[in-house]
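**Student:** The structure follows.
The values are calculated or read from the model by the stated rules, or taken from the named source; none is laboratory data. Everything quoted here is computed from the prediction, not taken from an experiment. Here the Cβ positions follow ideal geometry from the backbone for every residue, glycine too, while neighbour counts run over all protein chains shown. When the accessible area is computed, the model is the full protein with side chains, heavy atoms only, and any ligands, DNA or RNA have been set aside. Shrake-Rupley method; radii C 1.70, N 1.55, O 1.52, S 1.80 Å.
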Amino acid sequence: MSSFPLSILALVTVTHIIGASAQYGINTFAPFYQDELGLTRAQVGLFFTAFYIGMAGFSFTAGWFSDRLGVRRASFIGHVGAGTAVIFASSAGSFGWAFACFLLTGLGYSFLNPASTKGVLMWFRRHRATAMGIKQTGVPGGGVVTALVGAPLAALFGWRATLAGFGIVNVLFGLLFWFLWREPADADGTGGDRSGAAGRGTLRIRSVLALSCGTALLLIGQMSLLTYLPLFLKERLAFSAVHASQWLSVTQGGAVFGRIGWGTVSDRLYGGRRKVVLVLVGVISVFLCTALSALDQGVSPFILVPLTFLGGFTMIGYQGVSYSLISEIAGQSRAGMALGLMISINAVGTVVGTPAFGYIVDATGSYAIAWQALAAVLALGTANIAIFVSEPRASVPER
């Protein structure tokens, strides 16, 4: 990869870091604004729900706009829209006002993923999944930056000024992106469009829907792992609350490595094939959930550390590959719309599937049964991808 595509990759990665500050600021500043606004814990939790509804509910439309407006305009709209909404949220005096602002923040953020994905699709070919994975590390990276920088600033200057500052940074970065973004020389051509005959008509639609539904089931595994692993460690393995929460950093560390690692495996080991990697991810995830179901008190750290790290690496780290595949199936001209559709369908899986894991534990009193049920769901999603997704041929030259 030459230096200029790497500069483009850095730009779209920073897009996610800056955009994620609007998302993770909701939770980072909660201890500061909860008492001032007189909010219950449930109301604080609903703010993130509002963001997610705005993001997922508008993703398909945002993807459609990204295809027609291009990367520069869509990214500009995303940053300015999310940033402006965050600035208004900083002046909130009630739950309703803040809820509406965070809903609009999610709506603005919904432009960033399709736009940045199209950017990677245009600039990268053989190393596309690796680049997509690096780009996606900007999301957890934004969470880390927000936690490290936002809380101290809020303690010094107040949560309102700090939250408004995050909004202003988003608006300014939208302007900066407008001036820095460049189209590749073949932007009006195929741009490495691999869809070909396998990407036309009914077959393309079937593959887009199959991949979207399959990854929706895989995403249930991702969100269940992130949501319930600390509770599982505390209630099943008798960890302290602090230790159980800190242990999640092992999983998140695995996720960061996985987002780059699986892309590299797809690009280099499998010559640009994506489907085989997603199937491999699904199979490993099934075995991981089955292994988690067998754990009990007194488990050795030599078993738990690699198991939870590999859980993050596999169950959370695959998204760069799935984003590459959905883009290549749809083709460059429809990549944003296809990704938006996948995000919307994935959201349904997350909203329904993640609470279902907790319900199983509540109803049966057994984490083992919940992990086994999750393994069955992941097996279904993997089979769906293996059987119904048709992958375009990976036969493009390296950029």
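**Student:** Where does the charge balance sit around Gly141 when Lys and Arg score +1, Asp and Glu -1, over other residues with C-beta under 14 Å from its C-beta?
**Tutor:** +2
**Student:** Using a 1.4 Å probe and ignoring any ligands, DNA or RNA, find the accessible area of Trp97 and quote it in Å² to the nearest 10.
**Tutor:** Solvent-accessible area, nearest 10 Å²: 120 Å².
**Student:** Ok, one more. Straight distance only, please: which lysines reach the Cα of Lys135 with their own Cα at less than 21 Å, same-chain residues fewer than 8 apart left out?
**Tutor:** Lys135 reaches Lys118, Lys275.
**Student:** Heavy atoms of the protein only, probe of 1.4 Å, neighbouring chains included. What is the accessible area of Thr350 in Å², nearest 10?
**Tutor:** Here the residue's solvent-accessible area equals roughly 20 Å².
**Student:** Let me ask something additional. State the Cα centre-to-centre distance between the range 40-109 and the range 5-31 in whole Å.
**Tutor:** 14
**Student:** Also, I was wondering about something else. Please sort by residue number the chymotrypsin sites (Phe, Trp or Tyr not before Pro) in the range 105-156 whose DSSP state is loop and whose Cβ has at most 14 other Cβ atoms within 10 Å.
**Tutor:** Counting only loop positions with at most 14 other Cβ atoms within 10 Å, none of the chymotrypsin sites (Phe, Trp or Tyr not before Pro) in the range 105-156 qualifies.
**Student:** Right, here's the next one. What figure, in Å² to the nearest 10, do you get for the accessible area of His243 with a 1.4 Å probe and non-protein molecules left out?
**Tutor:** Approximately 80 Å² of His243 is accessible to the 1.4 Å probe.
**Student:** If you don't mind, there's one more thing I want to ask. Starting from the residue with the highest accessible area, list Arg125, Arg68, Arg268, Arg334 in decreasing order, probe 1.4 Å.
**Tutor:** I get Arg268, Arg68, Arg334, Arg125, largest accessible area first.
**Student:** Oh, and also: Relative to the Cα centre, what is the charge dipole magnitude of the chain, using +1 at the beta carbon of each Lys and Arg, -1 at the beta carbon of each Asp and Glu, and rounding to the nearest 20 debye?
**Tutor:** 940
**Student:** Oh, and also: Here are a few candidate values for volume of the Cα convex hull per residue in Å³: (1) 331; (2) 133; (3) 187. Which one was actually calculated from the structure I just gave you?
**Tutor:** Computed from these coordinates, volume of the Cα convex hull per residue in Å³ corresponds to label (2).
**Student:** Charges at C-beta only: +1 for Lys and Arg, -1 for Asp and Glu. How large is the resulting dipole of the range 1-151 about its Cα centre, in Debye rounded to 20?
**Tutor:** 740
**Student:** For the range 150-157, what does the Karplus curve 6.51 cos²θ - 1.76 cosθ + 1.60, with θ = phi - 60°, yield as ³J(HN,Hα) per residue in whole Hz, taken in order and with x for Gly and Pro?
**Tutor:** With coefficients 6.51, -1.76 and 1.60, one gets x, 4, x, 5, 5, 5, 7, 10 Hz.
**Student:** So what are the ³J(HN,Hα) numbers for the range 297-313, from phi and the Karplus equation (6.51, -1.76, 1.60; θ = phi - 60°), rounded to whole Hz, Gly and Pro as x?
**Tutor:** Karplus-based 3J(HN,Hα) across the range 297-313 equals 4, x, 4, 6, x, 5, 9, 6, 4, x, 5, 6, 5, 5, x, x, 4 Hz.
**Student:** Could you tell me which of Leu219, Ala98, Ser293 has its Cα farthest along the dipole of the chain towards the positive end, charges placed at Cβ (Lys, Arg +1; Asp, Glu -1), taken about the Cα centre?
**Tutor:** Working it through, the farthest residue towards the positive pole turns out to be Leu219.
**Student:** Further, regarding this structure: Please give the FRET efficiency for Thr40 paired with Ile387, using the beta carbon to beta carbon distance and R0 = 51 Å, rounded to the nearest 0.05.
**Tutor:** That pair, Thr40 with Ile387, gives E of 0.65.
**Student:** Residue by residue, what Karplus-based ³J(HN,Hα) values in Hz, rounded to whole numbers, does the range 171-185 have, using 6.51, -1.76 and 1.60 with θ = phi - 60° and x for Gly and Pro?
**Tutor:** 4, 5, 5, x, 5, 5, 4, 4, 7, 8, 5, 10, 7, x, 4
**Student:** Also: For a quick size check, give me the Cα extents of the range 246-321 along its three principal axes, largest first, whole Å.
**Tutor:** For the range 246-321, the Cα extents along the three principal axes come out at 43, 22, 16 Å.
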